[in-house]
1. Cα-based count: Lys pairs in the range 28-112 below 18 Å, eight or more positions apart or different chains?
2. Considering only protein heavy atoms, with the full assembly of protein chains and a 1.4 angstrom probe, order Leu49, Leu311 by accessible area, largest first.
3. Determine the dipole magnitude for the range 231-321: charges of +1 sit on the beta-carbon of Lys and Arg, -1 on that of Asp and Glu, nothing else is charged, the reference point is the Cα centre, and the result goes in debye to the nearest 20.
4. Accessible area of the chain with a 1.4 Å probe: how many percent of it is carbon plus sulfur?
5. Could you check what % of the DSSP bridge pairs in the range 40-174 are antiparallel, to the nearest 5?
6. Report the Cα centroid-to-centroid distance between the range 14-82 and the range 235-275 in angstrom, as an integer.
7. Which value, in Å² and to the nearest 10, is the accessible area of Glu258 when all protein chains are kept and the probe is 1.4 Å?
8. How charged is the neighbourhood of Leu194? Take every other residue with its Cβ under 13 Å from the Cβ of Leu194, and add Lys/Arg as +1 and Asp/Glu as -1.
Amino acid sequence: MKALYFRDTGSLANLRVENVEVPRIDTHGEALVQVRAAAINPRDPKSVLGKISETKPPRVPGRDFAGVVVEGPATWKGKEVFGTGGSLGFGRNGSHAEFVSVPVEALVEKPKQLSFEQAAALGLGYLTAWSAIVTAGRVSPNDIVLVLGATGAVGSAAVKIAKRFGAKRVIGVLRKTADRTKTSGIPSDDWLVLEQKPLSQGLFEITQGKGADLILDMIGGSSFESVNQCLAHRGRHVVIASIEPRVSFSLVDFYHREARLIGVDTLKLSFSESAQVLREIVPLVNAGVLTPPELDGIAIEQGPRAYQVVLEGSAGRKQVIRF
């Protein structure tokens with residue numbers, strides 16, 4: 001079968017399209033899925049670069065998939081499915097191949113109205129956003145929610161989820177005025193543009209000095225303290241990524257505000273836990289409340305180049321490999 005494959009980490013040049021063996025499965029606990037579509041996420045190129053400690057090469061990368069079960073338990077054979085999570089693409093061969101083997105508990109039936117490409121594009125973005133906003137952040141109807149990176153796959157999903165849970169106000173953050181062209185379809189109540197004024201000034205103006213009850217932060221690094229200072233009393237600051245590994249902030253100010261700092265890492269979610277989140281999302285997808293991101297369907301031969309674009313953050317749309 002055709003697959004993206006790397007034998008060593010350290011450079012995206014190590015990623016190539018190769019012919020590898022079709023996975024063998026234990027038919028009692030696993031399923032073989034013929035992959036029809038598989039999304040590329042930022043952690044995929046980082047894995048090839050050796051920046052994900054869980055990666056064990058040689059490896060087929062890829063976490064998100066959508067396809068048809070061709071081998072496995074009779075109750076699943078022939079069904080259209082999608083999924084993500086667990087050790088897929090890191091500890092075991094992933095979805096950027098014509099076939100992928102997964103534990104049965106990883107399988108979720110694909111929403112019928114979605115194409116395979118759309119279903120594959122849903123996975124990790126919504127899994128991460130749900131884990132951050134709902135599971136860790138415990139969003140509630142009284143919350144003012146601040147989302148950094150709100151035009152990305154995770155950020156836009158977080159805005160939609162927060163709105164679905166009735167958050168009082170959802171505020172998205174843009175780096176520059178030109179980014180407003182990317183906000184179509186993202187139901188944020190307000191947009192703060194960092195090019196126009198500092199984050200805290202803009203937020204406190206909108207919230208009349210209160211701040212945010214819940215912040216989703218996927219930037220961290222040198223901006224961490226200024227973001228953390230945007231918290232309201234007893235606010236929750238959920239961090240899912242950081243440009244730099246170390247940050248500094250006023251601990252005195254932090255505890256006086258009785259603030260909460262929560263880390264979320266979806267690599268720690270099992271296949272079963274990941275599938276459960278997707279099952280929570282499916283009814284909202286069926287109702288049209290949650291929608292897949294805009295995407296570009298590409299051939300597997302374009303995969304190595306797409307990895308570079310995703311790593312640079314210049315793709316603009318979700319990159320999805322079609323088979």
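1. Final tally of qualifying lysine pairs is 5.
2. Leu311, Leu49
3. With only Lys, Arg, Asp and Glu charged at Cβ, the dipole is about 260 debye.
4. About 49 percent, which is the carbon plus sulfur part of the accessible surface.
5. Within the range 40-174, antiparallel bridges account for around 55 percent of the total.
6. Their Cα centres are 29 Å away from one another.
7. 70 Å²
8. It works out to a net charge of +2.
The values are calculated or read from the model by the stated rules, or taken from the named source; none is laboratory data. Because the structure is predicted, anything quoted here is derived from the model rather than measured. Note that each Cβ is placed from the backbone with ideal geometry, even for glycine, and that neighbours are counted across all protein chains shown. For accessibility, only protein heavy atoms count, side chains too; no ligands or nucleic acids. Shrake-Rupley method; radii C 1.70, N 1.55, O 1.52, S 1.80 Å.
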